[in-house]
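The values are calculated or read from the model by the stated rules, or taken from the named source; none is laboratory data. Treat the numbers as computed from the prediction; the structure is a model and nothing was measured. Because the Cβ atoms are built from the backbone with ideal geometry, glycine has one as well, and the counts that use them run over all protein chains shown.
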Amino acid sequence: MRSPLTPARLPLPDCARCGHVSRLVGQDKVAELLREYAAEWQRLLIDPELGERSVGVPAWSPLEHGCHVRDMCLLFHVRLDAMLGTASEQSSASSALNAPDAARRYRDEAPRQVAEELGRAAEALARRLAALTAEQWDRDDPRLADPRLTVDFFTRHLLHDIAHDLAEVLRGPERQQRTQNEQ
Ligand SMILES: [Zn+2]
């Protein structure tokens, strides 16, 4: 049951690494931003140079990152369903993604197909987010004890993940060098 008091918002720190500032994103801009990030990801995935970049290093390749972003969008429907008390078609389709070996297959996926799937997954999610009511944005997860973990919080978290991965992939060589230095 929800508290009649509005819970304090959990702060999402500004990210120095990718420049994403969650607190500046209005709820009415979330869907638009998600579509913009998805379009950037699609552009990246169909970039012919993608295949020439190294795969299999400890850090993920752009393709693997793209697969991860697509799956984050798909799995977010499951979270939304749990929080909003709804059941969607996407939710049952997304459950299959919880298979433990899903990540290992990312590198074998076809970039163009991933780009298409990412676009569809992001668009479905963007439509759903665009239709959320103010009350739904403030819903918390009944499975978790913290009322600050709202739809708003998780959505901002997801949006940052997608933006952050994008920035990391665009950073490219420096990212790999950094990873190697950390070995
Ligand atoms: Zn970031």
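Restricting to helices (runs of 4 or more DSSP H) lying wholly in the range 75-150: which have 3 or more residues that are closer than 20 Å to LEU34 by Cβ, at pLDDT 90 or above and among the basic types (Lys, Arg)? Give the steps one after another, and end with the answer.
On the way: elements: 89-95, 102-105, 111-130, 134-137.
Output list reads 111-130.
Could you list all residues from the range 22-53 that are within 14 Å of the chain's Cα centre (by Cα) and either assigned to a loop (DSSP other than H, G, I, E, B) or modelled with pLDDT under 90 (or both)?
Answer for the range 22-53, where residues must be within 14 Å of the chain's Cα centre (by Cα) and either assigned to a loop (DSSP other than H, G, I, E, B) or modelled with pLDDT under 90 (or both): just SER22.
Can you work out which of the residues in the range 1-21 that are under 16 Å from ASP138 (Cβ atoms) and either touching a helix residue (DSSP H, G or I) at 6+ places or on another chain (Cβ under 6 Å) or modelled with pLDDT of 85 or more (or both) is farthest from the ligand (Cβ to nearest atom)?
The extreme case among them is LEU10.
Quick one: would you say PRO58 is part of a loop (DSSP other than H, G, I, E, B), away from the ligand (no atom under 16 Å from the Cβ) and modelled with pLDDT under 90? Give the derivation first.
Details: part of a loop (DSSP other than H, G, I, E, B): yes; away from the ligand (no atom under 16 Å from the Cβ): yes; modelled with pLDDT under 90: yes.
Judged against the criteria, PRO58 is a match.
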